[in-house]
Amino acid sequence: MNINTKKLEKHLSKIVGKKHVFIDKPTSVAYAKDVMPYDIEEHNIPYAVVRPASSQEISEILQYAYKNLIPVHIHGSGTSLVGLARPKVKSIVLDTGRMKKIKIFPERGYFEVEPGLHVAKLREALSEYNAMLPVFPGSELVATIGGAVAVNTSAHAVDAALGKPGDYVLGLEAVLPTGEIIQTGSESPRKPAGIELTKFLIGSEGLLCVLTSIRMRLLPMPFFENIVAYYKSTDDILDTVMEMYKQRISPPLFFEYLDGNAARVGFQAVGLEAPPDAVAMISMHSSTREGCREKTRKFLEFLEIGNPIDAKIVSDKEKWNKIWASRAEAGNYIYRLGSTFGSEITVRVDKLKDAFHEAQDIILNLESYKGSEFYSFGHIGAPTIHAYAFIPTKELSNDVKIAITEEVRDKTEALNVKYGGCGGEWGLTAQRVSFLKKKYNEAYFDFLKKMKMTLDPNDILNRGNLEGWR
Ligand SMILES: Cc1cc2nc3c(=O)[nH]c(=O)nc-3n(C[C@H](O)[C@H](O)[C@H](O)COP(=O)(O)OP(=O)(O)OC[C@H]3O[C@@H](n4cnc5c(N)ncnc54)[C@H](O)[C@@H]3O)c2cc1C
C-alpha cells in the first residue's frame with residue numbers, strides 16, 4: 001500500500017497537534033523493535049507514530065485510519081515479551097503515553113485511570129490512600145496500566161490467591177476500530193446488566209478496541225511477610241507447589257522460583273553470595289498484621305515438606321528487596337546476554353514436574369542449535385515455568401535466531417497442549433496461533449477471527465497479531 005507519509009503527518013497533526021506526530025526514521029525504528037531476538041524488517045517500521053491526549057482524538061485517528069484502510073498498532077510501553085509489541089505490518093503506531101490522568105474516589109470505592117500511566121506510578125498514587133493495586137508485572141516501572149489490562153496479566157501474583165487484574169475492573173471506556181467511543185460496566189461492584197462487555201474487552205490485546213479509561217476497585221492495603229527458601233534442586237520446589245494444591249493449602253500472594261543457574265546469576269548481580277542451587281521467594285498477605293504472621297508461620301511449617309536446606313522469614317526490608325531483585329536481574333542477564341524465546345509453560349498442576357523435565361530436555365537438545373544452556377524461573381506458585389535456552393544470540397544469523405525461536409516455541413507449546421495448560425500471559429496471541437489451533441481446533445480459531453472482523457471489518461487494529469505474523 002502506497003502511503004504519502006507527509007500527507008499522513010499533516011492529517012494526524014490536525015487531530016493531535018504537530019509536536020505529537022513523528023515520521024522520522026529513528027523514532028519509527030524505535031517503535032518497530034521489541035525483545036524478540038530476531039531482526040526487525042521493513043514491514044515492522046511504522047509510517048508514523050502518533051501520541052493522542054484523549055479518547056476523542058483516538059476516535060478521530062481511528063475514523064481516519066478506518067476510512068483510508070491504514071492499520072493502527074496500539075503501543076503502551078512495548079514491554080510485552082513475546083512479539084505483541086512489534087507492529088506486523090506498516091502501520092500508524094498509536095502511543096498512549098500522554099494519557100496518564102488518574103481520579104481516585106475513596107467514597108465510591110474505585111479509581112479511574114487513563115491507559116498510559118505506568119503501573120509503578122499508579123501504585124504510588126494509590127498507596128497514598130492505603131490501597132493496593134492488584135497488578136504486578138516485573139516491568140512495572142515502565143509497563144502501562146492499559147497494557148496490563150489489555151493483556152490481563154496476573155504476573156507475579158498467584159492467581160489462586162488474588163485473581164487477575166480484570167477481576168477488579170468495574171468498567172471501561174473504549175474506542176472501537178470504527179471510531180465509536182463506548183462506556184461499559186458499572187460504578188457498583190455488582191454485575192452489570194446483560195452480556196458483560198467489560199469482561200469481553202479485558203485481555204483482548206488491542207485486537208478489538210483501544211482502552212482509554214479503566215475503572216477499578218480500591219482494595220485495602222494488606223500486611224505482608226516474606227520468606228526465602230534455599231533448595232538442593234528445583235525438583236523440591238516443584239514437589240512443594242504440587243503438594244500445596246493437592247493439600248488445598250491457601251497459596252501465597254507471590255511464590256517465585258529461580259533454578260540453580262538463574263539463582264547464581266541473579267544473586268551475584270545484586271551483590272549476594274550465590275546460593276547452593278534453586279531458590280523460592282514467597283510473600284504472604286493478610287488484612288491484619290497478626291493474621292499475616294500466623295499465615296506465614298503456618299506456610300513455613302508447610303514448606304518443610306520439600307526439605308529445603310534453609311527456609312526463613314526475611315523481616316529486613318532492604319535484605320528482602322535485594323533477594324526479590326535477584327529475580328529481575330536473572331531475567332535481565334538472560335535477555336541481555338543470550339535469550340531466545342521466553343516460553344511460558346502453565347500446565348495442570350499435577351504435571352508440573354514432568355513438564356519441567358521435558359522442557360529441560362527440549363532446551364538442552366535443540367535441533368536448531370547445539371550447546372544451549374538451560375535457565376528457568378517464574379511464578380511457580382501460579383504455576384508457571386519459564387524455560388529459556390541461553391544462547392549468545394548476538395553472534396547468530398537472523399535465520400538461525402528465527403529457527404531457534406520457533407523450535408523453542410513449538411516444542412514448549414506442545415507441553416502446554418499435552419498437559420492441559422495454555423500460557424497466555426505476556427500478551428502471547430501473536431506467538432500462539434498454531435498453539436490455539438492445536439489446543440482447541442480450527443473452528444475455535446475461526447470464531448476468534450470472525451469476532452475480530454465483526455468489530456473491526458477493515459482489520460485496522462494490531463493487524464497480523466491474530467494471524468501470528470512476524
Ligand atoms: C522485565 C519484564 C518483566 C515482565 N514481567 C511480566 C510478568 O511477570 N507477567 C506478565 O504477564 N508480563 C510480564 N512482562 C511483559 C509485559 O511487561 C506486560 O505484559 C505488560 O503488562 C505490558 O504492558 P505495556 O504497557 O508494555 O504493553 P505493550 O507491550 O505496549 O502492549 C501489550 C499489548 O496490549 C495492547 N495495548 C496496549 N495498550 C493498550 C490499550 N490502551 N488499549 C488496548 N490495547 C492496548 C498492545 O497493542 C499489545 O498488543 C514483563 C516484561 C518485562 C520487560
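The values are calculated or read from the model by the stated rules, or taken from the named source; none is laboratory data. Since the model is a prediction, treat every value here as computed from it, not as a measurement. Because the Cβ atoms are built from the backbone with ideal geometry, glycine has one as well, and the counts that use them run over all protein chains shown.
Can you tell me which residue in region 447-470 is nearest to the ligand (Cβ to nearest atom), limited to those that are of a type in the set (A, V, I, L, M, F, W, C) and under 13 Å from GLY206 (Cα atoms)?
If we take residues in region 447-470 being of a type in the set (A, V, I, L, M, F, W, C) and under 13 Å from GLY206 (Cα atoms), then LEU461 is nearest to the ligand (Cβ to nearest atom).
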Residue ID - farthest from VAL408 (Cα to Cα), chosen from residues in region 324-353 that are more than 16 Å from the ligand (Cβ to nearest atom) and buried (at least 23 other Cβ atoms within 10 Å of the Cβ): LEU352
Unique match (being of a type outside the set (Lys, Arg) and over 28 Å from MET284 (Cβ atoms)) among GLU395, GLU425: GLU395
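Quick one: how many residues across region 184-242 are in contact with a Lys or Arg (Cβ under 6 Å, 6 or more places away or on another chain), crowded, with 21+ Cβ neighbours inside 10 Å and either at pLDDT below 95 or outside any loop (DSSP other than H, G, I, E, B) (or both)? So that I can check it myself, show each step before the final result.
Pass one, region 184-242, residues in contact with a Lys or Arg (Cβ under 6 Å, 6 or more places away or on another chain): 207, 223, 238.
After this cut, where a residue has to be crowded, with 21+ Cβ neighbours inside 10 Å as well, the list is 207, 238.
From what's left, either at pLDDT below 95 or outside any loop (DSSP other than H, G, I, E, B) (or both): 238.
Going through region 184-242 one residue at a time, the tally reaches 1.
Among the residues of region 354-386, how many are buried (at least 16 other Cβ atoms within 10 Å of the Cβ) and touching a residue at least 40 places away in the same chain (Cβ under 8 Å)? Break it down stepwise before answering.
Our first condition is that a residue be buried (at least 16 other Cβ atoms within 10 Å of the Cβ); within region 354-386, this holds for 355-356, 358-360, 362-363, 366, 368-369, 372, 374-386.
Okay, now just the ones that are also touching a residue at least 40 places away in the same chain (Cβ under 8 Å), so 355-356, 358-359, 362-363, 366, 374-386.
Matching residues across region 354-386 total 20.
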Given (1) at negative phi; (2) out of contact with any Ser or Thr (no Cβ under 6 Å at 6 or more places or on another chain); (3) modelled with pLDDT of 95 or more, number of the condition ALA143 does not satisfy: (2)
Matching residues in region 69-96 - criterion: being out of contact with any strand residue (DSSP E or B) (no Cβ under 6 Å at 6 or more places or on another chain) and near the ligand (Cβ under 9 Å from one of its atoms): GLY78, THR79, SER80, LEU81, VAL82, LEU84, ALA85, THR96
Residue that is farthest from GLN63 (Cα to Cα), among those in region 150-166 that are touching a strand residue (DSSP E or B) at 6+ places or on another chain (Cβ under 9 Å) and in a helix (DSSP H, G or I): ALA161
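Could you identify the single residue in THR393, THR384 that is of a type in the set (Val, Ile, Thr) and closer than 18 Å to GLY424 by Cα?
Numbers: THR393 fails: closer than 18 Å to GLY424 by Cα.
Result of the check over THR393, THR384: THR384.
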Test: residue in region 168-175 that is buried (at least 20 other Cβ atoms within 10 Å of the Cβ), part of a loop (DSSP other than H, G, I, E, B) and within 13 Å of the ligand (Cβ to nearest atom): no
Among (1) farther than 27 Å from LYS103 by Cα; (2) out of contact with any helix residue (DSSP H, G or I) (no Cβ under 9 Å at 6 or more places or on another chain); (3) away from the ligand (no atom under 16 Å from the Cβ) - the single one TYR245 does not satisfy: (2)
Residue under evaluation ARG51, criteria (1) within 16 Å of the ligand (Cβ to nearest atom); (2) free of Cβ contacts under 8 Å to residues at least 60 places away in the same chain; (3) surrounded by fewer than 19 Cβ atoms within 10 Å (Cβ to Cβ), criterion not met: (3)
Flag for ALA263 being modelled with pLDDT of 95 or more, out of contact with any helix residue (DSSP H, G or I) (no Cβ under 6 Å at 6 or more places or on another chain), closer than 20 Å to GLY381 by Cβ and within 16 Å of the ligand (Cβ to nearest atom): no
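Hey, can you tell me all the residues within region 1-21 that are in a helix (DSSP H, G or I) and within 14 Å of ILE61 (Cβ to Cβ)? Break it down stepwise before answering.
Narrowing region 1-21 to residues in a helix (DSSP H, G or I): 5-16, 18-20.
Those that are in a helix (DSSP H, G or I) and within 14 Å of ILE61 (Cβ to Cβ): LEU8, GLU9, LYS10, HIS11, LEU12, SER13, LYS14, ILE15, VAL16, HIS20.
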Set PHE136, PHE111: member being aromatic (Phe, Trp, Tyr), in contact with a strand residue (DSSP E or B) (Cβ under 8 Å, 6 or more places away or on another chain) and near the ligand (Cβ under 9 Å from one of its atoms): PHE136
